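The values are calculated or read from the model by the stated rules, or taken from the named source; none is laboratory data. Remember, it's a predicted structure, so these values are computed and weren't measured experimentally. Backbone-built Cβ (ideal geometry, glycine too); neighbour counts: all protein chains shown. Ligands, DNA and RNA are stripped out before the accessible areas are found, and what is left, the full protein with its side chains, is counted by its heavy atoms. Shrake-Rupley method; radii C 1.70, N 1.55, O 1.52, S 1.80 Å.
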Amino acid sequence: MCSLCDEPAVTYQRHTCRHLCGFHFIIDIEQRVADTIRTRMMIVPQDRIAVALSGGKDSTALLIILNRLFFQSDEIRFIAITIDEGITGYREETIRSADHLTKQLGIEHHCLSFYDLFGYSLDDLLNERKTQACSICGILRKKALVTGSQRAGATKIATGHNLDDEAQSVLMNAFRGDLLRLVRNSGSDSSGKFIPRVKPLSCISEKDIALYLILNNAWTPLPECPYTGYALRREVRAMLSGFEYRHPGTMLKALESKKKIEQSCAGRNLSLPLGFCKACGDPCSGDLCQVCLLLQSLKR
Ligand code: SF4
Ligand code: ZN
């Protein structure tokens, strides 16, 4: 039975020791996202937010929640941006799903492809480099998303990264010996040269996002990217899920570690000195930006 009413419970919330029915679970999730947005000032009046909408479960939940939280607001606008990397047998379905959702919610939707922006699809680029799929994809997707957001006149980019993603990033950066990168990438850029990125779902677990979508009749089973198997993240994810199962709260603790690192670095300038890419003019810390370096190396 729900701890807040007489309806049957659909979940047990370990961190509050409460059973929740569907109605109270949905309210709880939306409230936690609203709190995260408010305490970290992620969205403020006059913002035009570009929501990175892959059509997968996290970004779908993000757009639904943001639309509900700010439905009444005339001062905040959302635009959904979908990036088509060009992954055969995978992206087509998620793009259809993104298109359907934006039409349903009445949200402006822009779609950009790697092919149009860089002249190649991800499939074309990878060939013998499938083990590097996610790093290549990540660099190009980031650029594509920024380009789409600039074209749409966005003031911020919101992504669907959830608690699991954030905890995985803490471990992955620790394993790479680069925990400071977490802080550098935390959206705290003050140079004014980048569009700030916000992650309103960073306190919600992947499991809760799935349940939220099911309860809202918005769950669509979608295929998995064929390159996921090459990702280091997949191994870290499996390991962390095991830890979370045996030691509940592990992921929240990982996030706390990140916050403590952020606090201890507050006020220190950790950004690398910024200049402009000699090839494309984008802000970067070396002679060439990551995208131009990557495209040059792939053409060799
Ligand atoms: Fe790109 Fe890797 Fe995600 Fe596939 S799994 S969409 S290659 S980042
Ligand atoms: Zn460049």
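Would you call ALA210 hydrophobic (A, V, I, L, M, F, W, C), out of contact with any Leu (no Cβ under 9 Å at 6 or more places or on another chain) and surrounded by fewer than 16 Cβ atoms within 10 Å (Cβ to Cβ)?
yes
So in the stretch 263-282, with the set limited to residues that are near ligand 2 (Cβ under 8 Å from one of its atoms) and of a type in the set (A, V, I, L, M, F, W, C), which one is farthest from the chain's Cα centre (by Cα)?
Checked the stretch 263-282; the qualifying residue farthest from the chain's Cα centre (by Cα) is ALA279.
Could you say which residue among LEU295, LEU288, LEU272 is away from ligand 1 (no atom under 16 Å from the Cβ), modelled with pLDDT of 90 or more and under 22 Å from LEU145 (Cβ atoms)?
LEU288 is the lone residue from the list that is away from ligand 1 (no atom under 16 Å from the Cβ), modelled with pLDDT of 90 or more and under 22 Å from LEU145 (Cβ atoms).
Tell me which residues, restricted to the stretch 283-300, are within 16 Å of ligand 2 (Cβ to nearest atom), exposed (fewer than 13 other Cβ atoms within 10 Å of the Cβ) and farther than 20 Å from PHE194 by Cβ.
GLN296, SER297, LYS299
If you scan the stretch 126-175, which residues turn out to be within 16 Å of ligand 2 (Cβ to nearest atom), of a type in the set (A, V, I, L, M, F, W, C) and either open to solvent by 20 Å² or more (accessible area, probe 1.4 Å) or over 16 Å from the mean Cα position of the chain (by Cα) (or both)?
ILE136, ILE139, VAL146
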